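The values are calculated or read from the model by the stated rules, or taken from the named source; none is laboratory data. Keep in mind it's a predicted model, so treat the numbers as computed, not measured. Neighbour counts are summed over all protein chains in view; Cβ atoms, including those assigned to glycine, are modelled from backbone coordinates with ideal geometry. Side chains included, ligands, DNA and RNA excluded: accessible areas come from the protein's heavy atoms. Shrake-Rupley method; radii C 1.70, N 1.55, O 1.52, S 1.80 Å.
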Amino acid sequence: MPHLSKTLLACLAVFVSSVALAQAVAKPRVGGTYQEIKTWHEHLLATEPSLSQRRAAMRAVVRSGPLGERGLQRIFNNFEGRLALDPRIPGVERNVRLLASSSMSQRKGYVREVLYAANIHADRRFELIEMGRKLDRPWGKTDADILFRHKKTGRVIRLEVKDYSLRSQVTNEAKLKHQISKMAKEARLTGEQQIWINRRSVTPEIRRYATRRGVVVLANVGTGRQLPVGTTRFSDALTRIEQSVAATPANASRRSPQGAFPVARVATVNLNNFVRGTAATRALRHGMARASSGRSTWGSIGSRLSSSQAPRIASSLALVTVTIFAVDLATDWMDHRRGMISSARMWQIATAKSVIAVSAAGGGYAGATACGLATANPWASAGCGFVGTAVGGALANWSFGGLLKSDTAKEISGYRRDALKRRYGI
């Protein structure tokens, strides 16, 4: 009997402690601090609750925080219907917990992120993957606000959620450009479609910078029931995202630099055609094939190269150089037509770049021809041509090109600053 009574007492103590623990875990203190709510939520998750319990905990977190019962019902519809969220998706519970943050700006940001994630999760075209994924890359640490997948193409999309006013965009322009640059690098690394979405309007400079780097910009996007005129509903924004994904192959960002400048693209095309199409390269491959069979030597290749192919290599290099500078000068002409560069400055730019182009083309032609005739080696001829181009262009640029470029950059920067002030009244 004594042994039985001790067993009953032990069972009763375990039962009472279990009930007390369940009561402590079941209800966080309404109006508690963020740290208290966080501790309660982490304690609950450590007990391995069921799916229904985890959903109830999400509601309890919002209800106990500054948003309260009213925010839970009016903003998130009690996490039911189209705003239902699966707590098993990585990062969802952490972001919901941050809705109880004591910082109003932080809380508003996470309200927007959770609403976007809930709408994505309810959209049959997409699959929500993760929220707030930490990224540690060679170019720095960051995090991806929302990651989701387009079901039809299988393409993964990264959504960066922002709420910058026009004034803040001008003030933090360098910071935003740095972040967009890291997004472009992430796209080249992973092949993910990068979306930069802002609650308000976006300045032309930020939009232009992002577009050149392959980052899609969406502005004036909202989630409320009644939106101001000119605001895009998030459901319509998702349609635009789907169109951008369908228009861009999944591996396009890894095949070529995103948003490359026209100068770089033209130069790449010309160089590829030069390497693949010149008769000198064909002669080299043909000669090596014959040498392997014992019917030819490097001497025979050299005789053909020295008589006719060296000038072709030199001409190709000169053509590539002139093409690069011509396209570069065309972009300056467009800036002049838009009023960003004065007429006097445009003539100075044209003169400077013409001198640099002639000097670079002449140096490349001379170097390729001299090495080709001296060594009878196509690779040596091409290498000397590139060196001659670099030396000729550097000498001319050293004379006055660097100073002219600096002055032009200042003039363009001043124009853009004044244009923003006139357009947005800031």
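Scanning region 199-225 for residues that are among the hydroxyl-bearing types (Ser, Thr, Tyr) and in a helix (DSSP H, G or I) yields TYR209, THR211.
Going through (1) closer than 19 Å to VAL161 by Cα; (2) modelled with pLDDT under 75 one by one, ALA219 falls short only on (2). If you check GLY339 against the conditions, is it assigned to a helix (DSSP H, G or I), over 17 Å from ALA390 (Cα atoms) and modelled with pLDDT under 70? Against the criterion (assigned to a helix (DSSP H, G or I), over 17 Å from ALA390 (Cα atoms) and modelled with pLDDT under 70), GLY339 does not qualify. Only a single criterion out of (1) hydrophobic (A, V, I, L, M, F, W, C); (2) more than 18 Å from ASP163 (Cβ to Cβ); (3) without any contact (Cβ under 8 Å) to a residue 40 or more places away in the chain; (4) crowded, with 18+ Cβ neighbours inside 10 Å is not satisfied by ALA84, namely (4).
For region 101-108, the condition of being among the basic types (Lys, Arg) and modelled with pLDDT of 95 or more holds for none of the residues. Of the set (1) at pLDDT below 95; (2) open to solvent by less than 50 Å² (accessible area, probe 1.4 Å), all apply to ARG188 but (2). Within region 222-246, take every residue that is surrounded by 14 or more Cβ atoms within 10 Å (Cβ to Cβ) and among the charged types (D, E, K, R) and give me the one that is farthest from the chain's Cα centre (by Cα). My answer is ARG233. Among what's in region 35-50 and is open to solvent by 60 Å² or more (accessible area, probe 1.4 Å) and assigned to a loop (DSSP other than H, G, I, E, B), pick the residue that is nearest to VAL92 (Cα to Cα). Per the stated criteria, the residue is GLU48. If the condition is being crowded, with 20+ Cβ neighbours inside 10 Å and among the small types (Gly, Ala, Ser), then region 195-218 contributes ALA210, GLY214.
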